[in-house]
Amino acid sequence: MKKQTIQVALIEYTAGEHTANVLGCKEYVIENNRIPKELVKSFVKNREIKTERIFGKLTTILEYELQNGFIGIESTSCVDEKNYSEEIGTKILMEKLEEKIWFGLGFALGMAQGK
């Protein structure tokens, strides 16, 4: 079983100078070039799901915070209110969020391999 470590560092550069400060670093272990779903899910620190009426349509809204402090919002609506389900909307929104995280981790993994 091949194990790799991705190190993610937060670096602050000073404009006009040739100095950088490392503000933090975290390591993640990846086995066999696969990013496990559990790792993806662990990046979500907080989430809030709510239903609001936006432009007359029932809309499921996901507000989230990731472990790195990044915050974001996703939303989904239905065409026919009779078909509205907050449960289905939540499932769709969490899949969208996890796909974004997966993309970022895949990018980092590729960079760690020098590809």
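Criterion applied to Gly16, Gly24 was being free of Cβ contacts under 8 Å to residues at least 24 places away in the same chain, open to solvent by less than 70 Å² (accessible area, probe 1.4 Å) and of a type outside the set (S, T, N, Q), and the one residue passing it is Gly24.
Just so you know, in the range 56-103 the residues that are over 23 Å from the mean Cα position of the chain (by Cα) and assigned to a helix (DSSP H, G or I) include one that is nearest to Pro36 (Cα to Cα), and it is Asn83.
In the range 37-49, the residues that are at positive phi never reach a residue that is open to solvent by less than 90 Å² (accessible area, probe 1.4 Å) and at pLDDT 90 or above with C-beta atoms less than 6 angstrom apart, at least six apart or across chains. Would a scan of the range 59-69 turn up a residue that is open to solvent by 90 Å² or more (accessible area, probe 1.4 Å) and modelled with pLDDT under 90? Yes, because at least one residue in the range 59-69 is open to solvent by 90 Å² or more (accessible area, probe 1.4 Å) and modelled with pLDDT under 90. The one condition from (1) touching a residue at least 24 places away in the same chain (Cβ under 8 Å); (2) of a type outside the set (Asp, Glu); (3) under 21 Å from Glu95 (Cβ atoms) that Gln4 does not meet is (3).
Here Val29 meets each of (1) surrounded by fewer than 13 Cβ atoms within 10 Å (Cβ to Cβ); (2) closer than 17 Å to Ala112 by Cβ; (3) touching a residue at least 40 places away in the same chain (Cβ under 8 Å) with one exception, condition (3).
The residues of the range 27-55 that are within 16 Å of the chain's Cα centre (by Cα) and either closer than 14 Å to Lys3 by Cα or part of a strand (DSSP E or B) (or both), listed by number, are Tyr28, Ile35, Pro36, Val44, Lys45, Asn46, Arg47, Glu48, Ile49. One residue alone among Val22, Val40, Val8, Val44 is at pLDDT 85 or above, more than 30 Å from Glu81 (Cα to Cα) and aliphatic (A, V, I, L, M), and that residue is Val40. For Leu97, state whether it is within 30 Å of Gly24 (Cβ to Cβ), modelled with pLDDT of 95 or more and surrounded by 16 or more Cβ atoms within 10 Å (Cβ to Cβ). It is true that Leu97 is within 30 Å of Gly24 (Cβ to Cβ), modelled with pLDDT of 95 or more and surrounded by 16 or more Cβ atoms within 10 Å (Cβ to Cβ). Taken together, the residues in the range 1-30 that are closer than 16 Å to Met111 by Cα, touching a Ser or Thr at 6+ places or on another chain (Cβ under 8 Å) and among the hydroxyl-bearing types (Ser, Thr, Tyr) amount to 1.
The values are calculated or read from the model by the stated rules, or taken from the named source; none is laboratory data. Given the structure is predicted, the values throughout are model-derived calculations rather than measurements. Note that each Cβ is placed from the backbone with ideal geometry, even for glycine, and that neighbours are counted across all protein chains shown. The protein model used for the area step is the full one, side chains on, heavy atoms only, and it has no ligands, DNA or RNA in it. Shrake-Rupley method; radii C 1.70, N 1.55, O 1.52, S 1.80 Å.
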